[in-house]
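Please read the structure below before turning to the comments.
The values are calculated or read from the model by the stated rules, or taken from the named source; none is laboratory data. Since the model is a prediction, treat every value here as computed from it, not as a measurement. Note that we place each Cβ from the backbone using ideal geometry, even for glycine, and neighbour counts take in every protein chain shown.
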Amino acid sequence: MVQYDLVIRNGRVLDAESGFDEISDVGISKGVIERIAQNIDPSDATDSIDASGQWVIPGMIDTHVHVANASDLGRIRGLGLQMVAAAGATTVIDLGGSMDALVAGITARGSGVNVGSLGYLKPGETVPEGRLSPDMILDIVGTALEAGSLGIKLWGGYYPFTPDETARFISTANSLNAYVAYHVGTTETGSRLDGLREVPALLGSTGRVHVAHINAYCRGSILPIEQEIHEALEIIDDLRDQIVSEVHLAKPNFTLGKCDEDGNVLADVVGNCLRLENYEPTDEGIRAALRDGYASTVEETRIGLVLVSGERSVELFDAGNTDVPMSFPVNNATTAFQLTTARNSSNEFVIDAIGSDAGALPRNVNIEQAMRLVRFGGLEPLELVLKLSLNPAKMIGLGSKGRLSEGKDADITVIDPEAGSASYSFVAGEMIMISGRVVGSGGTILTTERGEKTVKATGIPYERVDLTQAMMYAGRD
C-alpha cells in the first residue's frame, strides 16, 4: 500500500533545531514530512530518490535577495527566481522589490520557490521627494502592506533619509508588526561603519530591525578591517535583542552606477568602492575602473546574468546612460569568515544568518561558501543548517519551515558534500531543482493578513505569515 508521495533514502539528515544528525530516510506525503526513520520501504512510496553520501537539510532560506526590482518588468523579468532555485534555495525574501514585478516574474519564470517581498523606498518613485511627515510615513508603510509586501526596505546606501525619518520608518513598521530591513546610511552617515554606529540611536530602546549584509560595512574605509570587524560585532551583539542580521559570502558586491548630470556618482556605495582603489567618484572614474578590470557591469546571456569588464562593460555603461548594475570585488574574505563564525560570550553566533544579496545577481553562493567554511572547520554541519535554514526561518516567523522533522513542510535541500553544492531541492515535496537545473514552476507568495486580499486577486498561491512570530519581534527562543 502506498503511504508516501516521495521517500528520500539513505541521506545524512541534519536538523539544527533538534540536533538530529543520522543516516535516515525521509517520507513525504501531501507536502509534509510524515516520517523520518531508517529503512523506509521504497515500495511504500510513489517515488523515491537515493541520497546516499549526501546531506539532507531543511530547505535553504535566503533572507536577502533581489528578484523583483521595478526594472524586472522589462527584459530580465523573473530571471532571479530561476537563479535562486538553481542555487538550492526554497524560500527567499526580496529585500527591496516591487510586488507588481514579483507577480510578473512568477508568471513569466517562476521556479517553484516561496518568495516574500519588502517594498523599497525611493524618493520620487515609491515615496514623495522632500521631507516626510509622520502621517506620510505611516501611509507609505501601510501601502506596502496593503500591496502584499511583508514590510519595507530602507536603502540608506542609495536613497538615504534623515536620521529622524529613518528612525520614524523603523518605529512605524514596528508599530504595524511589519518586517523592516535596513541597508545602513542616512543623510548624516554612509554605507560604512559610521552608518552602523548610528543604528543604536535610530532604534532607541524599543526599535526592531533587520540590518542587512554586515560585512558590507567592514571594508577598511574608516578603520583597518580587523578593527572594523571587532567594532561591528560589538554593535550587533549589544543590540542582540533588537536586531536580526546576515552576512553574504561572495567577493563581488553589486551596486548601481548611476551618475548625475555633472557626472558625479550618486550612490554612496559606488563612491566608497571607487575611493578604496583611488578612483574618482565620477562617471570617468567608473569608466577607468571598468577598463582596468576593477569594476564590472552586468550583462544578460542565455544562461543568466554575467559580469563583464573591459571595453564591453564601458559600452554597456554608456548605453545605459550610467544607470546600470555594477560590481566591485570589495567583499573581504576575512571579514565574511570572521563575521559568519563569530560567537559572543554566551557562545551564540553574533550574526544570525547567511544571505546572498544575490537573486538576479550572479553570486548565489550561500551553500558553496558555507560548505567551504565547514571544510575549513569554521562551521559544523549542524551550524551550517542553523545559518542557512533554521535561523532564516525564525527571522521571518516561518514555524513550519527551516526544520527537518515530522509534521513540518517538506521544503528540503539536498547537498552533495563532495561537490559542495545543492543537488536537489523540493518545495512542499515537489522537486524544483536537480543538479542546478530548475524543473519547478510558479511559486508561492508570502504575505501578511493585511496584504492577503491583494495577493489572492493575482491568482498566485500564497501563504499568510504572522510577523509577530518573526525573530525581531518574538526573540530567538
Taking interchain pairs and intrachain pairs at least six residues apart, which have beta carbon atoms under 7 angstrom, with the first residue in the range 283-296 and farther than 14 Å from SER327 by Cβ and the second assigned to a loop (DSSP other than H, G, I, E, B)? ASP283/GLY263; ASP283/THR322; GLU284/GLY263; GLY285/TYR279; ALA288/TYR279; ARG291/GLY310
How do the helices (runs of 4 or more DSSP H) wholly within the range 280-372 filter down when requiring 2 or more residues that are of a type in the set (Lys, Arg): which remain? 283-292
Looking at PHE328, PHE337, PHE317, PHE349, can you tell me which residue is farther than 25 Å from SER221 by Cβ and crowded, with 18+ Cβ neighbours inside 10 Å? PHE349
In the range 393-428, the residues that are under 30 Å from TYR473 (Cα atoms) and in contact with an Asp or Glu (Cβ under 7 Å, 6 or more places away or on another chain): MET395, GLY397, SER400, LYS401, ARG403, LEU404, SER405, GLU406, PHE426, VAL427, ALA428
Filter result for the condition that a residue is more than 14 Å from ARG403 (Cα to Cα) and modelled with pLDDT of 95 or more, over ARG9, ARG35: ARG9
Residues of the range 136-176 classified as aliphatic (A, V, I, L, M) and in a strand (DSSP E or B), total: 2
Number of the exception - VAL184 against (1) in contact with a helix residue (DSSP H, G or I) (Cβ under 8 Å, 6 or more places away or on another chain); (2) over 17 Å from LEU118 (Cβ atoms): (2)
Which one is farthest from HIS64 (Cα to Cα) among residues in the range 181-195 that are in contact (Cβ under 8 Å) with a residue 40 or more places away in the chain and surrounded by fewer than 24 Cβ atoms within 10 Å (Cβ to Cβ)? GLY190
What is the residue count in the range 129-139 for residues that are closer than 13 Å to TYR159 by Cβ and surrounded by 13 or more Cβ atoms within 10 Å (Cβ to Cβ)? 1
Applying the selection to the range 12-32, what residues are in a strand (DSSP E or B) and either under 28 Å from the mean Cα position of the chain (by Cα) or more than 13 Å from GLU406 (Cβ to Cβ) (or both)? ARG12, VAL13, LEU14, ASP15, PHE20, ASP21, GLU22, ILE23, VAL26, ILE28, VAL32
When residues of the range 13-41 are limited to those that are in contact with a helix residue (DSSP H, G or I) (Cβ under 8 Å, 6 or more places away or on another chain) and buried (at least 18 other Cβ atoms within 10 Å of the Cβ), the one farthest from MET60 (Cα to Cα): GLY27
When residues of the range 86-114 are filtered for being touching a Gly at 6+ places or on another chain (Cβ under 6 Å) and of a type in the set (A, V, I, L, M), how many remain? 6
With respect to LEU223, is the statement that it is outside any helix (DSSP H, G or I), crowded, with 24+ Cβ neighbours inside 10 Å and touching a residue at least 12 places away in the same chain (Cβ under 8 Å) true? no
